[in-house]
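These notes concern the structure reproduced below.
The values are calculated or read from the model by the stated rules, or taken from the named source; none is laboratory data. This one's a predicted model, so the numbers in the text were calculated from it and none came from an experiment. Here the Cβ positions follow ideal geometry from the backbone for every residue, glycine too, while neighbour counts run over all protein chains shown. When the accessible area is computed, the model is the full protein with side chains, heavy atoms only, and any ligands, DNA or RNA have been set aside. Shrake-Rupley method; radii C 1.70, N 1.55, O 1.52, S 1.80 Å.
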Amino acid sequence: MSEVAEPDFDVAVVGAGPAGAVAAYRMASAGLSVVLIERGETPGSKNLSGGVLYGRVLDEVFPGFADEAPVERRITRHVTTFLTPDSAVGIDYSGQGLADPVNAVTVLRAKFDPWLAGKAEEAGAFLMPGVRVDTLLTEPGPDGAPRVVGVQAGDDQLRARVVVAADGVNSFLARSIGLRPKEPTNHMAVGVKAVMALPRQTIEDRFGVTGDQGAAHAIVGDCTLGIGGGGFLYTNTTSLSVGVVLRLDDLVRSGRTSAEVFEHYLQHPGLAPYLRGAEMVEYGAHVVAEGGLAMVGEVATHGMLVVGEAAGLTINSGLTVRGMDLAIGSGLAAADAVVEALAAGDVSREGLAGYRRRLEESFVMKDMRTYGKAPKFLERTGMYGAYGELAASIFHDVFALDGTPRRHLVQTAKAAFSRSPVTLRQLVSDGWAGVRAL
Amino acid sequence: MSTPMTVPERLARTTFTIDEEESHIAIDQELCRSTGTDKAIIAVCPAGVYSEQDGRVVADYAACVECGTCLAVAAPGALRWHYPRGGFGVSYREG
Ligand SMILES: Cc1cc2nc3c(=O)[nH]c(=O)nc-3n(C[C@H](O)[C@H](O)[C@H](O)COP(=O)(O)OP(=O)(O)OC[C@H]3O[C@@H](n4cnc5c(N)ncnc54)[C@H](O)[C@@H]3O)c2cc1C
Ligand code: SF4
């Protein structure tokens, strides 16, 4: 038998986002030697999201995390707004029941990710920030197929029994070993975001919340100038997270620039009352996976697992982007599978198959399946243009008291339909597709 | 309403550690033009990194926020894009 170099660690986790940090935490807690490698100077310094973290899964790992972690606000109010160039129709849902137990919180990743990585460190994982992994180290396995045996960063090689690729949506590692082909652009979107500072009291007054409660606004329609996607407006403690998510195929087709659409969104009269006096303190952008179930392919190969958004685990329901909770769920599933595989002494693809099984059994793949048809549905452009117009038209007729006798809502709606390019049949068909997809 | 800002004005609010020695973006001019990648990357980049100068696409890599959008729309081979070296590039304080 040939001489085999002794691995430096049981596991090398690449990427200290939610997926990598939680996986590292779980494996270190189980007694494995784990290195958590992050290219940013500190965890979170490269990361950006809209910021609504659905907290149930994290609460299972760190009970009461919302009291300890640097979270911004507990979301108790969800507002959905359909915008046209000059009007806004909203659905406003608030529930104090959402605060306890915590359903969702807002986070700023540059503050939240270091906390999560700190948890992994406390459990014994070795955090290595400021290091960019360049390639995977591979060797031919028993069947000739490449087996991942570590990672390379610059001139440094680091050997591990298992590599967990938690390197996010652009995952160069998953691509390099053929686990993710180049995505069609309708599977990708770009999120453009700014953080806008506002005094705490102003936020509470403006968004109708008190104390550490917060509001999440989802905005569709004219805000993206008809480009597939939507806008978000989330409250932090003393700032707002404001951004748009734009589907790349549509953006390219539109001939508009992403910066132009973002500026249009910020200038929209529907947003003005919320943003008045707010000062931009940071601007950034990131790609978001949009393909849903269709993007999730193979998640394991010999010596390596892919977790979080690197595996395409994101749900865009049109009104919310969910990725952090799925990243955490997949990190847990991967960690348990690695512990099992190392105990059995088999880190081949087959030995690591427990990951896929656990993913399928968990909320992660169940939710991915539930929302599996969402991307196709969202490609129906009505969501972004004509429906906003239609809703506005109906509400205009309901609220615009011009002295004529009020008509029944159904008649009002029918009249609005007759003016709208949306046919009743299309609405019913989209509605039905929507119900099935969402 | 918020005050309109240019992209460079917005980016001035974001922190960067610029790698003076090495660009993480390389452009194949031929492929960029023949595949229409030039127009697409100029339009999609939220940081305005790409522009056209004398018929060539140039990249002001120091402004890149590492979102990955240009790579996602580029034709294969038209763009060589990887993350900046460890510790360099954009450094969010909020995220
Ligand atoms: C605009 C926008 C809005 C969003 N809104 C929400 C939201 O409201 N709620 C929600 O749940 N999700 C949201 N998401 C999605 C969410 O941000 C992601 O799904 C989530 O961050 C994925 O977590 P992850 O751990 O898989 O990857 P990431 O958080 O992307 O972490 C990957 C890590 O790997 C590091 N890394 C990458 N390559 C290397 C390398 N070669 N070497 C070393 N380190 C490397 C990166 O620096 C990073 O820290 C949004 C995304 C965007 C862009
Ligand atoms: S990664 Fe993003 S910010 Fe950087 S050049 Fe590409 S599109 Fe522009």
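Exactly one of (1) away from ligand 1 (no atom under 11 Å from the Cβ); (2) open to solvent by less than 20 Å² (accessible area, probe 1.4 Å); (3) part of a helix (DSSP H, G or I) is unmet by A:Ser330. Its number?
Going through (1) away from ligand 1 (no atom under 11 Å from the Cβ); (2) open to solvent by less than 20 Å² (accessible area, probe 1.4 Å); (3) part of a helix (DSSP H, G or I) one by one, A:Ser330 breaks only (1).
How many of the residues making up the stretch A:131-170 are at the interface with chain B (Cβ under 10 Å from one of its Cβ atoms) and out of contact with any Ser or Thr (no Cβ under 8 Å at 6 or more places or on another chain)?
Of the residues in the stretch A:131-170, 9 are at the interface with chain B (Cβ under 10 Å from one of its Cβ atoms) and out of contact with any Ser or Thr (no Cβ under 8 Å at 6 or more places or on another chain).
Only one of (1) crowded, with 19+ Cβ neighbours inside 10 Å; (2) away from ligand 2 (no atom under 16 Å from the Cβ); (3) within 12 Å of chain B (Cβ to nearest Cβ); (4) under 24 Å from A:Val296 (Cβ atoms) is not met by A:Pro184, so which one is it?
Failing condition for A:Pro184: (1).
May I ask you to list the residues in the stretch B:1-12 that are facing another protein chain (nearest Cβ under 7 Å), open to solvent by 60 Å² or more (accessible area, probe 1.4 Å) and either in a helix (DSSP H, G or I) or under 21 Å from B:Val44 (Cβ atoms) (or both)?
Selection gives B:Pro4 alone.
Yes/no per residue for (1) within 14 Å of ligand 1 (Cβ to nearest atom); (2) modelled with pLDDT of 95 or more; (3) within 12 Å of chain A (Cβ to nearest Cβ); (4) open to solvent by 50 Å² or more (accessible area, probe 1.4 Å):
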position	(1), (2), (3), (4)
B:Thr14	no, yes, yes, no
B:Glu20	no, no, no, yes
B:Leu31	no, yes, no, yes
B:Ser34	no, yes, no, yes
B:Asp54	no, no, no, yes
B:Asp60	no, yes, no, yes
B:Glu66	yes, yes, yes, no
B:Cys70	no, yes, yes, no
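Out of the residues in the stretch A:149-171 that are on the phi < 0 side of the Ramachandran plot and surrounded by fewer than 22 Cβ atoms within 10 Å (Cβ to Cβ), state the one that is farthest from ligand 2 (Cβ to nearest atom).
A:Arg161
Of the residues B:Pro84, B:Pro46, which single one is free of Cβ contacts under 8 Å to residues at least 40 places away in the same chain, within 13 Å of ligand 2 (Cβ to nearest atom), crowded, with 22+ Cβ neighbours inside 10 Å and part of a loop (DSSP other than H, G, I, E, B)?
B:Pro46
Are any residues in the stretch B:72-81 within 13 Å of ligand 2 (Cβ to nearest atom) and open to solvent by 10 Å² or more (accessible area, probe 1.4 Å), and if so, which ones?
Correct list: B:Ala72, B:Val73, B:Leu79, B:Arg80, B:Trp81.
Have a look at A:Ser348, A:Ser330, A:Ser317 and point out the one that is polar (S, T, N, Q), within 26 Å of A:Gly214 (Cα to Cα) and either without any contact (Cβ under 8 Å) to a residue 24 or more places away in the chain or away from chain B (no Cβ under 14 Å) (or both).
Matching residue, one of A:Ser348, A:Ser330, A:Ser317: A:Ser317.
Take the residues in the stretch A:263-303 that are under 12 Å from A:Arg180 (Cβ atoms) and surrounded by 24 or more Cβ atoms within 10 Å (Cβ to Cβ), then tell me which one is farthest from ligand 2 (Cβ to nearest atom).
Residue satisfying both the conditions and the ranking: A:Thr301.
Determine whether the stretch A:287-308 contains at least one residue that is in contact with a strand residue (DSSP E or B) (Cβ under 9 Å, 6 or more places away or on another chain), closer than 30 Å to A:Glu139 by Cβ and acidic (Asp, Glu).
yes
Testing B:Pro76 on (1) more than 16 Å from ligand 1 (Cβ to nearest atom); (2) within 14 Å of another protein chain (Cβ to nearest Cβ); (3) in contact (Cβ under 8 Å) with a residue 40 or more places away in the chain, one condition comes back false. Which one is that?
(3)
Residues to consider are A:Arg349, A:Arg358, A:Arg322; find the one that is open to solvent by 10 Å² or more (accessible area, probe 1.4 Å), of a type in the set (Lys, Arg) and within 8 Å of ligand 1 (Cβ to nearest atom).
Just one listed residue meets the conditions, A:Arg322.
Could you grab me the full set of residues in the stretch A:288-325 that are under 28 Å from A:Ser241 (Cβ atoms) and of a type in the set (Val, Ile, Thr)?
A:Val288, A:Val296, A:Val306, A:Val307, A:Thr314, A:Ile315, A:Thr320, A:Val321
Identify, please: which residue in the stretch B:36-52 is under 17 Å from B:Phe16 (Cα atoms) and small (Gly, Ala, Ser) and is, among those, nearest to ligand 1 (Cβ to nearest atom)?
B:Ala47
Go through the stretch A:100-121 and report how many residues are over 15 Å from A:Pro18 (Cβ atoms) and either within 14 Å of another protein chain (Cβ to nearest Cβ) or within 21 Å of the chain's Cα centre (by Cα) (or both).
Looking only at that region, the number is 2.
Does A:Val190 satisfy the criteria of being within 12 Å of another protein chain (Cβ to nearest Cβ), aliphatic (A, V, I, L, M), open to solvent by 10 Å² or more (accessible area, probe 1.4 Å) and within 23 Å of the chain's Cα centre (by Cα)?
no
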